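Asker: The structure that follows is given in the form of structure tokens.
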Amino acid sequence: MPPAVVPPVGARIRQARLERGTSLRALAREIGVSASLVSQIETGKSQPSVSTLYAITTALGISVESLFDARESAQTMIRRSLREGAGEGVGSVPPTASRVAASSATSATASPATAAPVTAPPAVPLALAAFAAGPGRRIGPLVAAGGRERLELDSGVVWERLGRVPGAETDFLLVTYRPGGSSSGSGALMRHPGTEYGYLTSGELILTLAFAEYTLRPGDSVCFESTTPHRYRNDGEVPAVGVWFVSGDVQ
């Protein structure tokens, strides 16, 4: 069975930005990238690098873990992202969080006779419909190798979620850096909240940590405060694969 497909990350980033009441330009300015790049990420035309993803989630005050959990069905998010993407200019100001909350409250008070059923559209695969359970959903206790949820990021990096316990602010991931892959396409070091633990199972991975550089080989492990500037890259000819655990990544 292939890994479970995760609904578009960009749609969830856009949803979080709108709920926070932050304009596209303001978010881009805060994380130091172009508004065009943020727009391309939100509309699914481009995937963020690891460093950009952490910068976005830090700026929006959300966890990376939350990007795996949709509060809407995949089809609803895709439709909303495409519809609003066509109508919002780069400099426009999105609806505020209060307007989104008011809309939700109106839906919640609808009479049972007229309220839409809380189910995913039939066309949504079961693996995607499961995401509608929200951030309280448990992943596990057993996660089969063929059923892991998977995120494809820019610069040759793949994240697969290994499990989740509701209420625990952690990222528990199988991480793959393809040959030439890097956590930052620009080569810049990244910083984000949390404490990072990693164990490499195969391949070689180079970790730049502040002013030091380390080469990780199979069986090597690392741990450090994620607020320390760092970057990973794979200069080898085979994928570098390891298990990563980042705790406390919410501001």
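The values are calculated or read from the model by the stated rules, or taken from the named source; none is laboratory data. No experiment lies behind these values; they were computed from the predicted model shown. Neighbour counts are summed over all protein chains in view; Cβ atoms, including those assigned to glycine, are modelled from backbone coordinates with ideal geometry.
Asker: Only one residue in Arg150, Arg138 is in contact (Cβ under 8 Å) with a residue 40 or more places away in the chain and of a type in the set (Lys, Arg), so which one is that?
Answerer: Going through Arg150, Arg138 in turn, just one is in contact (Cβ under 8 Å) with a residue 40 or more places away in the chain and of a type in the set (Lys, Arg): Arg150.
Asker: Among the residues of region 178-187, are any out of contact with any strand residue (DSSP E or B) (no Cβ under 8 Å at 6 or more places or on another chain), surrounded by 15 or more Cβ atoms within 10 Å (Cβ to Cβ) and closer than 19 Å to Thr58 by Cβ?
Answerer: yes
Asker: Strands (runs of 3 or more DSSP E) wholly in region 183-251 with at least 1 residues that are over 21 Å from Thr170 (Cα atoms) and of a type in the set (D, E, K, R) - which ones?
Answerer: Output list reads 212-216, 230-233.
Asker: May I pose another question? Consider Arg164 against the criteria (1) in contact with a Leu (Cβ under 9 Å, 6 or more places away or on another chain); (2) basic (Lys, Arg); (3) within 23 Å of Val143 (Cβ to Cβ): it satisfies all of them except one. Which criterion is unmet?
Answerer: (1)
Asker: Given Ala102, Ala127, Ala115, which one is surrounded by 10 or more Cβ atoms within 10 Å (Cβ to Cβ), at pLDDT below 50, out of contact with any Lys or Arg (no Cβ under 9 Å at 6 or more places or on another chain) and assigned to a loop (DSSP other than H, G, I, E, B)?
Answerer: Going through Ala102, Ala127, Ala115 in turn, just one is surrounded by 10 or more Cβ atoms within 10 Å (Cβ to Cβ), at pLDDT below 50, out of contact with any Lys or Arg (no Cβ under 9 Å at 6 or more places or on another chain) and assigned to a loop (DSSP other than H, G, I, E, B): Ala115.
Asker: Now a separate question. Sort out which residues of region 44-60 are outside any helix (DSSP H, G or I) and surrounded by 18 or more Cβ atoms within 10 Å (Cβ to Cβ), and write them in order of number.
Answerer: Gln47, Pro48, Ser49
Asker: Further, regarding this structure: When Cys223 is evaluated against the numbered criteria (1) more than 21 Å from the chain's Cα centre (by Cα); (2) closer than 20 Å to Leu67 by Cα; (3) hydrophobic (A, V, I, L, M, F, W, C), which criterion, by number, is the only one it fails?
Answerer: (2)
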